[in-house]
Amino acid sequence: MGNVVQQDILQQLEQLRKDASAALAQADTAEAMREWHTEYLGRKGRLTAILRNLGSLPGEERPLVGKVANEVKDALENALQERQAASAQAELEAVRRAESVDVTLPGRPQNLGKLHITTRTLREIYAIFTAMGFQIYDSPEVETDEYNFQLLNMPPGHPARDMWDTFYTTTPGLILRTHTSPGQIHAMREYATEPIRVILPGKVYRYEAVDASHESMFYQVEGLAVGKHITFCDLKGVLINFANQMYGEGRKSRFRKSYFPFTEPSVEMDIDCVLCNGQGCPVCKYTGWLEMLGAGMVNPVVLEYGGYDPTEFSGFAFGMGPERMALQKYGIDDIRNFYTNDMRLLERV
Ligand SMILES: [Zn+2]
């Protein structure tokens, strides 16, 4: 080597700086930048190769060359860092652009839920009766045979029990209630001998073959008024007022005689069909009338079981099916639709 002069090495360093700067400007990826570093600044790179000649310089010339070499090395390393930072920034910008929200696009409509038809119907019923002074009274869904049947004037073997086959628990005598009527006994025994005005809403259970008009679980709202001098006129007045509020003023109604073990006399109440105004349509089976509820004067036997003296007190009771009322009101043709969560139905009503 001996002939190397200081000037040559300085030129080589200058050339290296120019080449490296130009190459760095072309390095677009992290991989390309690593390769660039290996080629120019690595242990076997071009800078190292130049500095290897340093030893052949006269001692007094070395510090200057060493100083320039360090400057070139620092400058290139700084340039690499800047280039890496700029590249990372550019990548970040690209991601931001790709993920940015275009606020000029039309928004997606928010799909708001709403209350179930049964819940809405129940709330309408509650509002009407509470305005007439009735309280809402909760009673259990699991009942004893005594409350579900016997205290409602259906002793074991009573033929009316056949109308209400139910679900039995593994505890003998403990059943799922077939109607909300046992709540009448609970309410009477709690308040006797005060006057009572309550509605008893809740789920009831029947061991039924499920079809378009029968479910094994459904809602009932029962009503009970007990006091002195309560007559059949009070029953009619309350129920006609209810029908007018529920379905609109001016509804026609009619009462047909019927039979329930726990009321005497018993009636079924019809209103003129809300869909065809009594003209006749498939929902009312072309009769012009819709069956709305069953009702009657509380049987003296039941009053007595409840703790009221039937020679002093009288009362009326009624029971209705909110799902059936909603079926009629919204023209739904299958009671099973209430619990299948079909969006087409839920959006329609
Ligand atoms: Zn009709």
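The values are calculated or read from the model by the stated rules, or taken from the named source; none is laboratory data. Note that the structure is predicted; figures quoted are calculated from it, not measured. Please note: Cβ atoms are built from the backbone with ideal geometry, for glycine as well, and neighbour counts cover all protein chains shown. All accessible areas refer to the heavy atoms of the entire protein, side chains included, with ligands and DNA or RNA removed. Shrake-Rupley method; radii C 1.70, N 1.55, O 1.52, S 1.80 Å.
When region 45-104 is filtered for residues that are part of a loop (DSSP other than H, G, I, E, B) and within 47 Å of the chain's Cα centre (by Cα), the ones remaining, listed by number, are S100, V101, D102, V103, T104. Here E208 passes the criteria (1) under 23 Å from E323 (Cβ atoms); (2) not in a loop (DSSP other than H, G, I, E, B) except the one numbered (2).
Looking for something farther than 23 Å from D138 by Cβ, in contact (Cβ under 8 Å) with a residue 60 or more places away in the chain and loosely packed, with under 14 Cβ neighbours inside 10 Å - is there at least one such residue anywhere in region 189-210?
Yes, region 189-210 contains a residue that is farther than 23 Å from D138 by Cβ, in contact (Cβ under 8 Å) with a residue 60 or more places away in the chain and loosely packed, with under 14 Cβ neighbours inside 10 Å.
Within region 147-190, being of a type in the set (D, E, K, R) and in contact with a helix residue (DSSP H, G or I) (Cβ under 9 Å, 6 or more places away or on another chain) holds for R177, R189.
Where residues in region 120-168 are in a strand (DSSP E or B) and of a type in the set (A, V, I, L, M), which of them is surrounded by the most Cβ atoms within 10 Å (Cβ to Cβ)?
That would be I136.
In the set G237, G288, G278, G307, which member is on the phi > 0 side of the Ramachandran plot and away from the ligand (no atom under 16 Å from the Cβ)?
Working: G237 fails: on the phi > 0 side of the Ramachandran plot; G288 fails: away from the ligand (no atom under 16 Å from the Cβ); G278 fails: away from the ligand (no atom under 16 Å from the Cβ).
Testing whether each residue is on the phi > 0 side of the Ramachandran plot and away from the ligand (no atom under 16 Å from the Cβ) leaves just G307.
Restricting attention to region 228-241, and to residues there that are hydrophobic (A, V, I, L, M, F, W, C) and outside any loop (DSSP other than H, G, I, E, B), which single residue is surrounded by the fewest Cβ atoms within 10 Å (Cβ to Cβ)? Show your work before the answer.
Quick first cut of region 228-241, residues hydrophobic (A, V, I, L, M, F, W, C) only: 230, 232-233, 235, 238-240.
Of the ones still in play, those that are also outside any loop (DSSP other than H, G, I, E, B) are 232-233, 235, 238-240.
Values: F232: 15, C233: 9, L235: 24, V238: 21, L239: 22, I240: 16.
Ranking the candidates gives C233 first.
Of all residues in region 67-90, exactly one satisfies the criterion of being surrounded by 12 or more Cβ atoms within 10 Å (Cβ to Cβ) and more than 18 Å from Y40 (Cα to Cα), namely S87. For region 1-41, a residue qualifies if it is at pLDDT below 90, under 20 Å from R52 (Cα atoms) and open to solvent by 80 Å² or more (accessible area, probe 1.4 Å), and the qualifying residues are M1, N3, Q7, Q11.
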